[in-house]
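The values are calculated or read from the model by the stated rules, or taken from the named source; none is laboratory data. Because the structure is predicted, anything quoted here is derived from the model rather than measured. When we count neighbours, we look across all protein chains shown, and the Cβ atoms used for this are built from the backbone with ideal geometry, even at glycine.
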Amino acid sequence: QITIVDLLLQIPLDDADRKDGYDYRVLALFHFQRIPLGLIMQSFQGYKVMVMDVMPKTIGAMCLIPGDCILQINGVKQGSDAAAVLDTVAKEMEQKGFVRCTVERPATEVAKATAAFTIQADQRDLPVAADCAAYVKEALKLLKGPDPKSIMKSKSSAVDEAHVGFHERIHAESVIPSDIADELLIKVLR
């Protein structure tokens, strides 16, 4: 089955939604088996979602760059919930094989600097796969548990302190092949 996708010639945004200093594009993300989406997104300015990072060799890396803000998905305006936007993109790609995203991309130096500052200032954890999340939570509980008892004895105890020592001897030899004449070797002082 072949699906023909017609790309939009006009960007379906009202002029009121557009800002100076930004380019508005419609990007098509196509679903490829065994290639992940590879996007890390976060709410930005309270009403849109910004692409914070793009994993290399993924579907997201083919079209999006860090700093892009996703405004619409298949003509439907999106809010500021990054998880919901990622979920919508994944579902649409799974159902239709592609998704059309209207993206706001910084064009001027001021807009690019604002996006770069937002990305650098963001303190985030790396994403955890959904099937591993339960294991990670359990491991974090174990790591954050009470401090273990020290195996070192305090100085006030009656037992003598244990001493650990290392005795090393280094022996170095220079091996000169027998076919080299010793009289040709000259010692160099530095």
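Among the residues making up region 31-51, those that are farther than 17 Å from PRO106 by Cα and either of a type in the set (D, E, K, R) or free of Cβ contacts under 8 Å to residues at least 24 places away in the same chain (or both) are GLN33, ARG34, PRO36, GLY38. When region 12-65 is filtered for residues that are of a type in the set (A, V, I, L, M) and in contact with a helix residue (DSSP H, G or I) (Cβ under 6 Å, 6 or more places away or on another chain), the ones remaining, listed by number, are LEU27, LEU29, ILE35, LEU37, LEU39, MET41, VAL49, MET52, VAL54. Among the residues that make up region 103-116, is at least one of them modelled with pLDDT of 65 or more, part of a loop (DSSP other than H, G, I, E, B) and within 30 Å of GLN72 (Cα to Cα)? Yes, the conditions are met somewhere in region 103-116. Of all residues in region 68-126, those satisfying the criterion of being of a type outside the set (A, V, I, L, M), under 29 Å from LEU140 (Cα atoms) and in contact (Cβ under 8 Å) with a residue 40 or more places away in the chain are THR118, ASP122, ARG124. Residues of region 57-76 that are exposed (fewer than 13 other Cβ atoms within 10 Å of the Cβ) and within 15 Å of LEU29 (Cα to Cα): LYS57, GLY75.
Within region 45-59, being more than 21 Å from PHE117 (Cα to Cα) and either touching a Leu at 6+ places or on another chain (Cβ under 7 Å) or part of a helix (DSSP H, G or I) (or both) holds for THR58, ILE59. Of all the numbered requirements in (1) at pLDDT below 85; (2) assigned to a loop (DSSP other than H, G, I, E, B), GLN42 misses one, and that requirement is (2).
Restricting to region 1-18, name every residue that is under 22 Å from CYS69 (Cβ atoms) and either loosely packed, with under 10 Cβ neighbours inside 10 Å or at pLDDT 80 or above (or both).
So the first thing to find is which residues in region 1-18 are under 22 Å from CYS69 (Cβ atoms), and the list is 7-18.
Listed by number, the residues that qualify are LEU7, LEU9, GLN10, ASP14, ASP15, ALA16.
I'm trying to understand the selection: among the residues of region 77-94, which are surrounded by 15 or more Cβ atoms within 10 Å (Cβ to Cβ) and in a loop (DSSP other than H, G, I, E, B)? Hits for region 77-94 are GLN78, SER80.
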